[in-house]
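Values quoted throughout were computed directly from the atomic coordinates according to the rules given, and no laboratory measurement underlies them. Nothing here was measured: the structure is a model prediction, and the numbers come from that model. When we count neighbours, we look across all protein chains shown, and the Cβ atoms used for this are built from the backbone with ideal geometry, even at glycine.
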Amino acid sequence: MKRFLAAIAVGLAAASSACAQAWPSKPVTLVVPFPPGGSTDSIARAIGPSLTRTLGQTFIIDNKAGATGTIGAAAVKRAPPDGYTFLVTSLGPLVIAPHLIKGMQYDALKDFDTITVAVQAPNVLVVPAASPHKSLADVIAYEKANPGKMSYASSGNGSSDHLTAELFWLESGTTGLHIPYKGGGPAVSDLLGGQVDASFQNVNTVFQQIKAGKLRALAVTGAKRSPVLPDVPTMDEAGVKNVDVYSWQAVVGPKGLPADIRSRFHEAVVAALNEPQTKQQFAALGLEVVANTPQQFAAFQQQEFARWKKVIEVRKITAD
């Protein structure tokens, strides 16, 4: 009986290994929990062709938008952990939405296997070209003299740009007026038109308007200056500490992926991100390739999860 059970165990292990070696034997779906055309969607489409070349199967982009990305994330959580469904997402569904949305259909820290943080980019505080504010010091002085009057556009409640503004107010001891929009496009449009006073936008979203002189950049939220905005100081350099904020996109899979498949997919994604043409394309947009290990990503997610939980609780932010 012992020999029989041992033979079964060996057989199952061999079958599992063979299955992993054969992966992928059919098309793989990359779920993007946002509409086509956004930053996250662009990153999934940028790495898809390389994954196809490396792994020999088609990678299909499936946009499952809604509920600030949580609908697509929940769909991936429910998918079989067989290596045929992955999530390419921004930080929102993984570290922000869990603190804002009641009745979440997944546990962001427990229901996914991390693959890698793909790219990151700092946010940048911008004002219209006609704004009287020429520096971060001007903004702080105005807000201290006029609390709650300077308006800040964001792409929505609980978005990275909204929470960056909240963190800035918290660390600078000031208060502004948050104006949420239904997406980054309308927010930037009204900023350009002068309907709002300022906004913390992703560098890759607005640096062309900055270069064209339509927006004035006052400070970036990175730990170092952005390569595409080398003359713009960091928040720290401009006098406000602890506002190091990066918007990031990452790849995860359903919990329980076979170790071999997880390892092979991670290697393929990292290779795709580091292809010279893709890397150059990202750099031109102000995006920095991260391509870290699953373990590094898991630790980073824990840190980001705790950080935004604190900001949301202290500032009493809601999704409404």
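For the reader, a short list of remarks on this structure follows.
- Choice from 205, 54, 89 with maximal GNM fluctuation in the chain (Cα, 10 Å cutoff): 54
- Degrees between helix 160-172 axis and first principal axis of the chain (Cα, 0 to 90, nearest 10): 50 degrees
- Gain on full stretching of the segment that runs from residue 225 to residue 171 - 0.36 nm per residue minus C-alpha separation: 17.5 nm
- In the chain, the DSSP-assigned H stretches of four residues or longer account for a calculated mean residue ellipticity at 222 nm of -13000 deg cm²/dmol, using -39500 (n - 2.57) per stretch and the full residue count as denominator.
- Among 130, 172, 153 the positive-end extreme of the charge dipole of the stretch 127-184 (Cβ point charges): 130
- Net length available on complete extension from residue 101 to residue 192 is 29.7 nm, with 0.36 nm assigned per residue and the Cα-Cα distance removed.
- Inter-centroid distance (Cα atoms) of the stretch 106-183 relative to the stretch 27-102, Å: 25 Å
- DSSP-defined antiparallel bridges as percent of all bridges, the chain, nearest 5: 60 percent
- Distance between modelled label sites at residue 319 and residue 277, nm, 7 Å Cα→Cβ extension: 4.0 nm
- Every Cα-Cα pair in the stretch 28-112 was counted, and those over 20 Å apart are 32% of them.
- Computed over the alpha-carbon atoms, the stretch 216-283 gives an Rg to Rh ratio of 1.15, Rh here being the Kirkwood radius from the mean inverse distance.
- Residues whose placed amide H lies under 5 Å from that of residue 29, excluding near-sequence neighbours: 60, 85, 86
- Extent along principal axes [Cα atoms of the chain; Å; largest to smallest]: 83, 40, 30
- Taking label points 7 Å from Cα along the Cα-to-Cβ direction, residue 79 and residue 58 give a separation of 1.6 nm.
- Net +/- balance of residues flanking residue 56 in space, Cβ distance below 15 Å, scoring K and R +1, D and E -1: +2
- For the stretch 212-224, 3J(HN,Hα) computed residue by residue from phi via the Karplus equation (6.51, -1.76, 1.60; θ = phi - 60°) reads 7, x, 8, 10, 10, 8, 9, 6, 9, 9, x, 6, 9 Hz, glycine and proline entered as x.
- Along the chain, the longest continuous region that contains none of the trypsin sites (Lys or Arg not before Pro) in a DSSP loop with at most 16 other C-beta atoms within 10 Å is 1-101.
- C-alpha long axis of helix 136-145 to longest principal axis of the chain, angle in °: 60 degrees
- Theoretical gain in end-to-end length, residue 295 to residue 65 [0.36 nm per residue, Cα-Cα removed]: 80.0 nm
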